[in-house]
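See structure below.
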Amino acid sequence: MSTKNTAAISLPKSKIVRGYEVKRLALGGYLQAMERVQEFPARLMDACFPGDDLHAIIDKVKRLDAALLERALSGVLLTAPEMMIRLTAALTGIDERTLKDDLDVGADGLVEILTAWVEVNKLGDFTRAARKLLASLWAADRNLWKPSIGSKG
């Protein structure tokens, strides 16, 4: 039988925001959502520069003019909100159509829902712990490769 931190057990595992329950997500669900996030750069590039490969995009950006900037910004403004809705739906389990159509949600509500998701899933705690772990690994790696001062063999 595993023992759990009793303080962690008493912390809320969900929060109601704009009438929707934002729940703590199991690690598997979080990983699935992050797979969706990996699609974002390619989708944004395609929205801004349809049909172009990376080399063509770089060439266009080198010759940036007002028309290209307008097309690129239009692509971002049309695509990014849709992507955020899809990500929010994946993280929270709230239906995409519901997020789009509910007048009580709106853009500010979407941000509020995502903020609640970060809070309920304790991502602040995770990032602090991850930084501490990385610092420990970095220190261990440097100590591992320090020249030893000892007798000559």
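Toward the positive end of the charge dipole of segment 24-143, with +1 on the Cβ of Lys and Arg and -1 on the Cβ of Asp and Glu, the farthest Cα among 30, 66, 93 is that of 30.
Quick check on the exposure proxy: order 113, 16, 57 from fewest to most C-beta atoms within 10 angstrom.
Values: 113 21, 16 10, 57 15.
Fewest to most other Cβ atoms nearby, the residues stand as 16, 57, 113.
Shown here for segment 6-75: GluC sites (Glu not before Pro) in loop regions (DSSP other than H, G, I, E, B) with at most 15 other Cβ atoms within 10 Å, namely 39. This model, with +1 at the C-beta of Lys and Arg and -1 at the C-beta of Asp and Glu, gives segment 24-143 a dipole about its Cα centre of some 640 debye.
Taking other residues whose beta carbon is less than 15 angstrom from the beta carbon of residue 65, and scoring Lys, Arg as +1 and Asp, Glu as -1, yields +2. Per-residue packing, averaged as other Cβ atoms within 10 Å, sorts the ranges 85-96, 40-51 into the order 85-96, 40-51, beginning with the highest.
The residues 63, 18, when put in order of fewest to most other Cβ atoms within 10 Å, stand as 63, 18. Here the relative contact order of segment 24-143, from alpha carbon pairs under 8 Å that lie six or more residues apart, stands at 28 percent.
Rule-based calculations on the coordinates, nothing more; no lab input. The structure presented is a predicted model; accordingly, all values stated were derived computationally and were not measured. When we count neighbours, we look across all protein chains shown, and the Cβ atoms used for this are built from the backbone with ideal geometry, even at glycine.
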